[in-house]
């Protein structure tokens, strides 16, 4: 009798024995993602605050001091020092002590009083584009605001009043933005690495060669090896979500069940990727390198850190090939925006299709490159 | 099962005109042989000559480019699933899971072959008894010595009671005592009707086989019992005999011997030279010629060809044929 899944149970039991015997690896692969979460959750704040600033106030009169107060009150700038020359400003920026230098010229108050345009020089260290962008925006808007106040009569209202309202993350908390995305990366990490290693180890030991001569069928073998790691991946997801919800207080607006359900095709893709890697790699070192090759695009092209919308066209197209792109859309959708299945089913379907495709390619590669080599 | 009837029922393996090509390269070129039930069949040849490819074809891992093969009465081209249920295979690296115990390794391979729990239990007990693994059942297989690993691997390959076992260099890298013990076990099992297909590089092991074949660059150039091969005309042409010349200066002696008239071929074997010489060249003449040229000779004596002599002669002859074909 032909049974395409023959050997599945034997391989499955054995794989669980391997996992139990190598408890250290399992423990670390579960704990390290949590450590990464702690680092990123507590350590990274994308909101630019309290930028070190030096000031050369050549004027020194009331008007100039009022301007400086407004800078300070913006929460964006933190004046670390007052200096007495252009040279000192430059020096503070070059040495890295300050990111921003503000020079108020000696005739600032005079010009204001005479109704002329007063210039303030703002030097910004452009080496960090995020900080520079915020510094430009804040100083420009303070300048505009200050100008309007002087032009408009008292109690006048602005003709256009923009009222931005931040949805879903009203306090702009960084963990809310980072952690749902990080979930996708960490899950990929664990599942892809573990499966790739589990199979490559059998190659290294020669046991894979042995299994091919037994009645075990390819799908029985692959599935038996996959399923334990599927369980581990899912457990890891629950761990990450629990930590995110309770340790980092990221509220989950949508349905946890939907999130769990949509994570299944993603875990499936990651595992298939691991199998594909193991069909190519002949040693654990090689598998490690290839696995990193899959991690990098997942970090940079998935929208996890950099928005996909601002990427050049080529990379944006590329981002559609990265499974993490879809899963990050799912996690952010469910967790932050409270999206439902009607918004996200297509991402789940895309992941499932990718997983099925990768698994087929991997199984074919196994037959042609590994068994018949 | 209709294909099985075409096969002579008594053979364990029957390979007819096997050909396997990889692109332009022909790894196995028109190889035919039969292995009878209960034989210990030694399959020899240099590395890269196609031994593993033949094993892969017979176990159904590699499709045949041409030819046909029946293993235990089943056509490997159409029935490789069932072939794999009836054969056992042990590779040279023993293919055990080092992080599993002896017992767990046995259980895994037993389940892979689909043994039901009762039969699995009985077969494991029998295997442990036969291979003397009793004291080690709870030991991780990583902690076994080479000889015990090999016994465990053999046990794993035999749990499902195959009638035919493929052993790919079963004694590579294990100590001489374990080597001897393995062969004793093979003789015992073959007496019970189990057939063995063994590849090896050791000539003394080849001498113990009941049937040997030698494959050289994809061509089978020898096939028969060790004794019948020794008597092949290519190995021992009429009007010639074989001598062993023991001397402290083997390389100089070899160079000189090869220039002598009446010497058909000469090869170094350790501290001696094996030479095939014409009948009219007397041993005393040979000794005189050597000492006249200042080569000290400890001993010259007639010698029956060893299997190594056989394979060396056949290889030379085949190389000459290949070169002639190229020109």
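Where a number appears in this text, it was derived from the coordinates with a stated rule and is not lab data. Given the structure is predicted, the values throughout are model-derived calculations rather than measurements. No Cβ is skipped: glycine too gets one built from the backbone with ideal geometry, and neighbour counts run over all protein chains shown.
Computed values, structure above
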item	result
Calculated FRET value between residue A:168 and residue A:27, using beta carbons and R₀ = 22 Å, to 0.05	0.05
Label-point gap, in nm, between residue A:360 and residue A:140 - each point 7 angstrom along Cα→Cβ	5.1
Computed FRET value (nearest 0.05) for residue B:252 with residue B:142, which takes r as the C-beta separation and R₀ as 41 Å	0.25
Part-to-part distance (alpha-carbon centres) for the stretch B:255-285 and the stretch A:180-217, which is given in Å	59
Rh (Kirkwood; distinct C-alpha pairs) - the stretch B:38-131, Å	15.6
Between 0 and 90°, nearest 10: helix A:62-73 axis offset from chain A longest Cα axis	20
Distance between the stretch A:319-362 and the stretch B:188-212 - C-alpha centres, whole angstrom	58
Size-normalised alpha-carbon gyration radius of the stretch B:57-192, reference 2.2 N^0.38 Å	1.08
Two-decimal Rg to Rh for chain B - Kirkwood Rh, Cα set	1.05
Cα gyration tensor category, rounded, prolate or oblate, for the protein assembly as shown with a/c compared to 1.5	prolate
Most mobile listed residue (A:318, A:187, A:336) in chain A, GNM with C-alpha springs under 10 Å	A:318
For q = 0.21, 0.22 Å⁻¹, Debye-computed log10 I/I(0) when each Cα of the stretch A:178-229 counts as one equal scatterer	-0.78, -0.83
Choice from A:49, A:70, A:163 showing the highest fluctuation, given a GNM over chain A with Cα pairs closer than 10 Å	A:163
Gyration tensor over alpha-carbon atoms, the stretch A:282-329, equivalent ellipsoid semi-axes in Å	24, 10, 8
Within 10 Å of each Cβ in B:155-161, the average number of Cβ atoms from other chains	1
Global form of the stretch A:1-52, assessed from the alpha-carbon gyration tensor, a/c cut-off 1.5	oblate
Cα→Cβ-extended label distance, 7 Å offset, between residue A:283 and residue A:80, nm	4.7
Test item: A:198-208 mean partner chain Cβ contacts at 10 Å	3
Bins of 10 Å from zero: percent of alpha-carbon pairs in the stretch A:122-275	9, 23, 19, 17, 14, 9, 6, 3, 1, 0
Cα long-axis angle, helix B:176-191 against chain B (0 to 90 degrees, to the nearest 10)	70
Prolate/oblate/rounded label for the stretch B:237-304 (Cα gyration tensor, a/c 1.5)	prolate
For q = 0.15, 0.16, 0.19, 0.28 Å⁻¹, Debye-computed log10 I/I(0) when each Cα of the stretch A:119-182 counts as one equal scatterer	-0.78, -0.84, -0.98, -1.15
For chain A, alpha-carbon Rg over 2.2 N^0.38 Å	1.36
Share of alpha-carbon pairs per 10 Å distance bin for the stretch B:169-240, given as whole %	16, 44, 29, 10, 1
Part-to-part distance (alpha-carbon centres) for the stretch B:69-130 and the stretch A:1-78, which is given in Å	49
Residues residue A:234 and residue B:201, FRET efficiency given R0 of 56 Å [Cβ-Cβ distance, rounded to 0.05]	0.70
Exercise: per-residue mean of other protein chain Cβ atoms within 10 Å, B:105-112	5
Column: log10 I(q)/I(0), Debye, Cα scatterers of the stretch A:51-151, q = 0.16 Å⁻¹	-0.65
Mean separation of Cα contacts under 8 Å, 6 or more apart, over the residue count of chain B: relative contact order %	18
Nearest 10 degrees, 0 to 90: helix B:250-259 Cα axis against chain B principal axis	60
Distance cut-off 17 Å, percentage of C-alpha pairs in the stretch B:84-163 lying past it	37
GNM result for chain B, Cα springs below 10 Å: residue of B:241, B:216, B:316 fluctuating most strongly	B:316
